[in-house]
1. Given (1) exposed (fewer than 12 other Cβ atoms within 10 Å of the Cβ); (2) at pLDDT 95 or above, identify the lone condition not met by Arg169.
2. Asp139: of a type in the set (Asp, Glu) and over 19 Å from Leu26 (Cβ atoms), yes or no?
3. Of everything in the range 191-203 that's closer than 26 Å to Glu66 by Cβ and touching a Pro at 6+ places or on another chain (Cβ under 9 Å), which residue is surrounded by the fewest Cβ atoms within 10 Å (Cβ to Cβ)?
4. Considering every residue within the range 102-124, establish whether at least one is surrounded by 15 or more Cβ atoms within 10 Å (Cβ to Cβ) and closer than 14 Å to His48 by Cβ.
5. Residue check: is Val17 touching a Lys or Arg at 6+ places or on another chain (Cβ under 6 Å), in a helix (DSSP H, G or I) and either farther than 30 Å from Asp177 by Cα or among the aliphatic types (A, V, I, L, M) (or both)?
6. For the range 136-158, give me each residue that is over 13 Å from Val196 (Cα atoms) and part of a strand (DSSP E or B).
7. Name the one entry in Asp73, Asp89 that is modelled with pLDDT under 95 and among the acidic types (Asp, Glu).
Amino acid sequence: MIIAPSHGFVLLSVPKVASTSLDEALAGYHEPVPGKAPAKHQNVLNFHRHTVPRIRRLGFERDAYEVVALFRDPVSWLESWWRYRQRPDVRDHKAERFTGDLTFAEFARLFLDDKDATGIKGRPAKFVAGDVDRGARIDRIFAVDRPEVWTAWFAERVGAPVEVPRRNRASARQPVDLPDALKDELRAWFAPEYDVLDQLADDGWWAPPFGYRPAGLEG
């Protein structure tokens, strides 16, 4: 998470969506809040519950800055988890999470049948979901595959070019091919995520309505 209310934004870090690279690029603009550093991957609801009051202690009300996040195709997001867990240190220290002996199709099947068995907690759509009653909202969502859009936006806010290093090269790869039936199942399961992506298709960014929750999202 990058907290930069002096520059008019807070960037929430969605897991497996270029968070490490973008955090590194914008680290110089981060403004620490009082107390312990917030968790890196706070979702919209937790951000409003835990961090907004601490930013207020810096002198910035919630309307003084935009809360933004990057978003990616959910199947690509799932593939990134699969590639990440092929690392030798996962095999050596968390063997039950190692994916080096699974094809992506097998991993996707496991995710659909028993999500808990994959150890993946949460989902991108829930990460950006707001709540009208609690006043929790995300102000702007960017498509991660449109860097010309979001780098220009951040550069305008900070008054300098934003160079984003690519630390996770796996995220640049095209998703591996899957059987059509499995693609259809994934598309159905990720319907809330595709509700977000549909809004980003034209311009590469979108300002959701207040308290937006992706269509079909439960809980």
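1. (2)
2. Numbers: of a type in the set (Asp, Glu): yes; over 19 Å from Leu26 (Cβ atoms): no.
For Asp139, the condition - of a type in the set (Asp, Glu) and over 19 Å from Leu26 (Cβ atoms) - is not met.
3. Filtering the range 191-203 for residues closer than 26 Å to Glu66 by Cβ gives 192-203.
In the following step, the residues that additionally are touching a Pro at 6+ places or on another chain (Cβ under 9 Å) were identified as 192-197, 199.
Details: Pro192: 20, Glu193: 27, Tyr194: 18, Asp195: 16, Val196: 27, Leu197: 20, Gln199: 18.
So, considering only residues that are closer than 26 Å to Glu66 by Cβ and touching a Pro at 6+ places or on another chain (Cβ under 9 Å), the one surrounded by the fewest Cβ atoms within 10 Å (Cβ to Cβ) is Asp195.
4. Checking the range 102-124: not a single residue is surrounded by 15 or more Cβ atoms within 10 Å (Cβ to Cβ) and closer than 14 Å to His48 by Cβ.
5. Working: touching a Lys or Arg at 6+ places or on another chain (Cβ under 6 Å): yes; in a helix (DSSP H, G or I): no; either farther than 30 Å from Asp177 by Cα or among the aliphatic types (A, V, I, L, M) (or both): yes.
Against the criterion (touching a Lys or Arg at 6+ places or on another chain (Cβ under 6 Å), in a helix (DSSP H, G or I) and either farther than 30 Å from Asp177 by Cα or among the aliphatic types (A, V, I, L, M) (or both)), Val17 does not qualify.
6. Within the range 136-158, just Ala136 meets the criteria.
7. Details: Asp73 fails: modelled with pLDDT under 95.
The match here is Asp89.
The values are calculated or read from the model by the stated rules, or taken from the named source; none is laboratory data. Computed from a predicted model, the values in this text were never measured in an experiment. FYI the Cβ positions are ideal-geometry reconstructions off the backbone, even for glycines, and counts take in every protein chain you see.
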